[in-house]
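This report refers to the structure that appears directly beneath it.
We did not get these values from a lab; they are worked out from the coordinates using the rules stated. On a predicted model such as this, the values are computed, not experimentally measured, just so you know. Cβ coordinates were reconstructed from backbone atoms using ideal geometry, including for glycine residues, and neighbour counts include every protein chain displayed.
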Amino acid sequence: MKIVLGADEGRRTLLRRQSWGETTVPDAVWSVTREAVGAEVATVEQAVRKILRDVRSEGDEAVLRYCAAFDGASYDSLRIDQGEIKAAYDQVDGAVVEALRFAADRLLSFHTQQREHMMRSFSKNGIGIQVSALERVGVNAPGTAVVYPSSVLMTALPAKAAGVEEIFIASPADKQGRVPAVKLVAADLAGVNAVYRMSGAQAVGAFAYGTASVPKVDKVCGPGNIFVTLAKREVFGDVGIDALYGPSETIVIADESADPVFCAADLLAQAEHDELATPILITTSRQTAERTSAEVERQLKLLEREGVARAAFDARGGAVIVDTLDEALALANEFAPEHMCLLVKEAQKVVAGVRNAGGVFVGEDSPESLGDYSAGPSHVMPTMGTARFASPLGVQDFLKVTSVVAVDEAGLRALGPAAARIARAEGFTAHARSIELRLSEEGDGRG
């Protein structure tokens with residue numbers, strides 16, 4: 001594990017972020033993409049735009065064609081039959097089903113409490129707001145090499161708690177058109193209305209524009225690869241989106257009291273997501289950095305996904321040694337990670353210093369992995385530094401606020417003159433007259 005000295009060197013090396021424009025795809029993926037989309041496309045962005053145009057004009061036919069090209073999947077129906085979803089329970093270990101049910105109950109309970117705090121319409125003197133849920137939401141549920149039933153729960157259940165009427169899931173399928181049974185079970189436990197076997201930019205397009213089989217939604221949510229992310233960016237405006245998500249990232253802040261075994265375990269838990277993950281330790285102790293590095297190497301050999309985690313450490317992982325805990329917090333806040341883990345003395349007192357993080361995990365008994373599955377908040381969190389201004393996926397992503405103006409005549413007379421003067425100052429005579437007529441003698445005869 002790379003170890004660098006000082007905050008400035010950390011910024012220059014380990015904590016230097018890639019921009020979206022620097023993102024590339026492997027040569028093998030790009031070759032398949034050009035074959036499917038057309039040799040004239042020169043960038044991933046152009047390929048995504050072509051896919052979306054085709055889905056918009058051709059509907060199901062384009063979705064099926066691109067799923068066959070990218071997933072090797074051959075089938076003629078996008079929507080999964082309800083009988084297939086119910087049958088999935090027989091294919092999943094009972095203990096796993098119960099664990100998913102337990103996690104689903106925790107998530108629904110947490111987000112229901114969140115909803116109670118946010119669903120507060122109000123009106124004072126005829127001026128207020130009305131809060132309502134979105135009607136339809138489409139959720140991208142990625143996962144081929146890794147299945148991620150947890151992401152189904154973490155995205156669909158906040159929508160369910162918010163009161164969204166219809167929730168639809170898109171998931172890639174295998175060559176026989178089968179979506180992993182454990183993901184179907186998760187979708188059923190989350191109470192989704194339908195599951196569609198489709199993936200990538202074509203799934204985003206189907207939700208955004210609607211097809212013969214797939215309803216047009218109000219918002220497209222969920223993580224995904226670069227094709228999904230760029231497609232979400234393209235369709236924004238036609239539909240809402242939750243956020244643009246990059247690879248997983250974790251910063252562990254540790255002092256001399258931290259257990260290197262736990263530091264390494266927490267870093268590796270994120271490194272095993274994919275080769276582009278960012279696992280970084282920021283510590284005030286050289287000994288903690290060196291011992292954690294040794295633990296990372298020891299624990300790597302115990303992982304099923306050793307190759308993936310090792311590649312993440314080689315590319316973007318490591319440790320930064322700083323002088324003080326305040327400096328460590330400042331550096332972490334500047335990076336604004338998806339996850340920030342505090343393995344320090346009196347960790348509860350340090351939380352107040354965290355300004356920019358998708359989630360903060362306080363003390364050695366609150367590992368980030370707990371948040372990935374059963375703690376309660378959604379694990380869909382801001383990445384790529386967007387924690388500076390964005391929040392984890394939650395009930396708020398599925399609510400909208402409508403301003404309500406319902407004043408009486410007394411209110412009109414109190415508010416109207418100022419509004420009319422401003423309107424005339426802007427040159428908007430009709431705006432002014434619509435108020436002045438109501439305030440004039442002519443308007444007094446309205447009954």
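Tabulated values for the structure
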{"item": "Counted charge near Gly222, where neighbours are those whose Cβ lies closer than 13 Å (Asp, Glu -1; Lys, Arg +1)", "result": "+1"}
{"item": "Computed magnitude of the charge dipole of the chain (debye, nearest 20; Cβ of K, R +1, Cβ of D, E -1)", "result": "1000"}
{"item": "Extended-chain gain in nm, criterion 0.36 nm per residue less alpha-carbon gap, Ala430 and Lys2", "result": "147.4 nm"}
{"item": "Top positive-direction residue, dipole computed over the chain with Cβ charges, set Phe122, Ser150, Ala161", "result": "Phe122"}
{"item": "Residues Thr402 and Gln46, FRET efficiency given R0 of 35 Å [Cβ-Cβ distance, rounded to 0.05]", "result": "0.40"}
{"item": "Length added when fully stretched, Gln91-Arg286, from 0.36 nm per residue minus Cα-Cα", "result": "65.3 nm"}
{"item": "Cα gyration tensor category, rounded, prolate or oblate, for the stretch 1-156 with a/c compared to 1.5", "result": "rounded"}
{"item": "Efficiency of FRET between Arg438 and His117 - r from beta-carbon atoms, R0 35 angstrom, step 0.05", "result": "0.40"}
{"item": "Additional length obtainable on full extension of the chain from Glu306 to Asp238, 0.36 nm per residue less Cα span", "result": "20.4 nm"}
{"item": "Farthest positive-ward along the chain dipole, Cα basis, beta-carbon charges - from Ser434, Phe398, Val48", "result": "Ser434"}
{"item": "Calculated volume of the Cα convex hull per residue in Å³ (choose from [x] 215; [y] 145; [z] 202), label", "result": "[z]"}
{"item": "Residue of His379, His273, His339 that the Gaussian network model of the chain assigns the largest fluctuation, springs spanning Cα pairs under 10 Å", "result": "His273"}
{"item": "Phi to ³J(HN,Hα) by Karplus 6.51 cos²θ - 1.76 cosθ + 1.60 over the stretch 356-365, Hz, x for Gly, Pro", "result": "10, 6, x, x, 10, 10, 9, x, 6, 8"}
{"item": "Cα pair distances exceeding 21 angstrom across the stretch 82-241, given as percent", "result": "48"}
{"item": "Radius 13 Å from Cβ of Gly205, net charge of other residues (Lys, Arg +1; Asp, Glu -1)", "result": "+2"}
{"item": "Spin-label pair Asp76/Ile127, simplified geometry with 7 Å Cα→Cβ offset, distance in nm", "result": "6.2"}
{"item": "Among Ala406, Ala414, Ala231: highest mean-square fluctuation, GNM of the chain, C-alpha pairs under 10 Å", "result": "Ala414"}
{"item": "Lysine pairs in the chain with Cα atoms under 16 Å, if 8 or more residues apart or on separate chains", "result": "7"}
{"item": "Of Thr211, Thr13, Thr383, the one that fluctuates the most in a GNM where the chain has Cα springs shorter than 10 Å", "result": "Thr13"}
{"item": "For Thr292, net neighbour charge (Lys/Arg +1, Asp/Glu -1) across residues whose Cβ lies under 15 Å away", "result": "-4"}
{"item": "For the chain, share of DSSP beta bridges that run antiparallel, in % to the nearest 5", "result": "25"}
{"item": "Virtual spin-label span in nm between Glu35 and Ala99, 7 Å along Cα→Cβ", "result": "3.7"}
